[in-house]
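Chemist: Submitted below is the structure of interest, expressed as structure tokens.
Rule-based calculations on the coordinates, nothing more; no lab input. Small disclaimer: the values here were computed from a predicted structure and weren't measured. We place every Cβ from the backbone using ideal geometry, glycine too, and count neighbours over all the protein chains shown.
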């Protein structure tokens, strides 16, 4: 469904350790907005999956939680971490995106 690169998994684990939330995971979601129609969201999830609906994915030692609507848009996607001259941060490579905005934070499916 969705995966995490080794570098992104390392950064997520560091973040969870810094926040003293070693048992938590990362919620990955899609919401309406941005200049292309949809935008990605990432947040630390303390409470775990919603027992009725969330998909739980393990990738490179990191637990991901994805709601069913977001899962449709994130099938085959990959969470990565990039560090370049413009700064660093998490990015999502999504094969379902038909187009993206210039900054890469929103997409059109």
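Chemist: Going by the alpha-carbon gyration tensor, a ≥ b ≥ c the square roots of its eigenvalues, is segment 2-108 rounded (a/c under 1.5) or, if a/c is not under 1.5, prolate (a/b greater than b/c) versus oblate?
Modeler: Oblate shape, in that a/c is at least 1.5 and b/c is the bigger or equal ratio.
Chemist: How high is the FRET efficiency between residue 1 and residue 85 when r is their beta carbon distance and R₀ equals 25 Å, given to the nearest 0.05?
Modeler: Plugging the Cβ-Cβ distance into 1/(1 + (r/R0)^6) gives 0.15.
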